[in-house]
1. Read through the labelled values [x] 1, 5, 10, 13, 14, 12, 9, 5, 3, 2, 2, 2, 2, 2, 2, 2, 2, 2, 2, 2, 2, 1, 1, 1, 0, 0; [y] 1, 6, 14, 18, 20, 18, 13, 7, 3, 1, 0; [z] 1, 5, 12, 15, 17, 16, 13, 10, 6, 3, 1, 0, 0 and report the label of the one computed as P(r) over Cα pairs in 5 Å bins from 0, in percent from the structure.
2. Taking only protein heavy atoms and a 1.4 Å probe, what accessible area per residue, in Å², does region 21-274 have with all protein chains in place?
3. Per DSSP helix of 4 or more residues, -39500 (n - 2.57); summed, then divided by the residues of the chain. What does that give at 222 nm, rounded to the nearest 500?
4. Provide the gained length on full extension for the span GLN271 to TYR227, in nm with one decimal, where the gain is 0.36 nm per separating residue minus the Cα-Cα distance.
5. Mind listing the phi-derived Karplus ³J(HN,Hα) values for region 258-271, rounded to whole Hz, using 6.51, -1.76 and 1.60 with θ = phi - 60°, and x for any glycine or proline?
6. Sorted by mean Cβ packing within 10 Å, highest first, what order do the peptides 205-216, 77-88, 266-277 take?
7. Measure nothing but the geometry: give the 0 to 90° angle between the long axis through the Cα atoms of 92-102 and the longest principal axis through the Cα atoms of the chain, rounded to 10°.
8. Test of the criteria: in region 167-209, which chymotrypsin sites (Phe, Trp or Tyr not before Pro) are in a DSSP loop and have at most 13 other Cβ atoms within 10 angstrom of their Cβ?
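The values are calculated or read from the model by the stated rules, or taken from the named source; none is laboratory data. Remember, it's a predicted structure, so these values are computed and weren't measured experimentally. We place every Cβ from the backbone using ideal geometry, glycine too, and count neighbours over all the protein chains shown. For accessibility, only protein heavy atoms count, side chains too; no ligands or nucleic acids. Shrake-Rupley method; radii C 1.70, N 1.55, O 1.52, S 1.80 Å.
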Amino acid sequence: MATADADDFLPEALQFRPSAPLVDIGANLTHESFERDLEAVIQRAQAAQVTTMIVTGTDLAHAKQAVALAKQYPGLYATAGVHPHDASRWDKNLEHAMAALHAMPEVVAVGECGLDFNRNFSTPKEQERALEAQLALAVESGLPLFLHERDAGQRMREILHAWRDDISHAVVHCFTADRDTLFGYLDLDLHIGLTGWICDERRGHHLRPLVSDIPLERLMVETDCPYLLPRNLPAKLKGRRHEPALLPWIVREIAQWHGISETELGAATTQTAQRFFRLPTES
């Protein structure tokens, strides 16, 4: 049951409760902006039918925090990986620590890992080395992959093609690239995660015609909160922090461009996420 404080944070116009439960496959709930009111954030998500949240682990410290949250709150699960921005830190000690996390029942995917040639906080060579090491860990653990890619689609596809027969499932989360990159990932039998980027008319418009090309059995939805606050909200929110309770607005936008009802899209993406992450199906 949500508390009054949890209810009051969101304007009434934003308190959207869809008919089917949703899975947010990418929530950065270990971010410092959630420290003050995390419990209320989770309550608001549940009130909005976002009953399952995958908490993203982007480095060792955040992955451990994600596991701790998954232990504490029902409906939360964790990923464990090293983001390409931090790839320069990859070493054998980190590899062993990640392998230990991947053996924990709360961890449902290897990642967030991948390539980011947009900012290159780590060199491309360091990023590729860390990615290949984490692909090996995914093979060893049997877990699916939670992937990040920016401005590196061709190289990502080349690497994944070489590993495709050995890894299980993989999702390119927060997909924002072009048609050729999308079809390259679909040809590799990858899953696609869409965020509130599509709700942004300034930069997400190129994604809209592509949405209907993503089969429902390959499509999942996410907030990537606290980032990427949707721009299609009918009321202003205190501050600029995104949170899982707003996922239904993203689902509504994606459904419009997929040409189906939001109920159908929500149910389909939930089933896809449950299958992908091997989650319990009862809600």
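1. Recomputing P(r) over Cα pairs in 5 Å bins from 0, in percent here picks out [y].
2. On the way: 10020 Å² over 254 residues.
Result: 39 Å² of accessible area for each residue.
3. Values: 9 runs with 106 residues, N = 283.
For the chain, the value works out to -11500 deg cm²/dmol.
4. Numbers: separation 44, 0.36 × 44 = 15.84 nm, distance 2.48 nm.
Length gained between GLN271 and TYR227: 13.4 nm.
5. Taking θ as phi minus 60°, the curve returns 7, x, 9, 6, 5, 5, 5, 5, x, 5, 5, 5, 5, 4 Hz for region 258-271.
6. Numbers: 205-216: 15.2, 77-88: 25.8, 266-277: 20.8.
Highest mean packing first, the order is 77-88, 266-277, 205-216.
7. Approximately 40 degrees, to the nearest 10.
8. On the way: sites: PHE175, PHE183, TYR185, TRP197; in loops: PHE175.
Passing both the DSSP loop test and the Cβ count: no residue.
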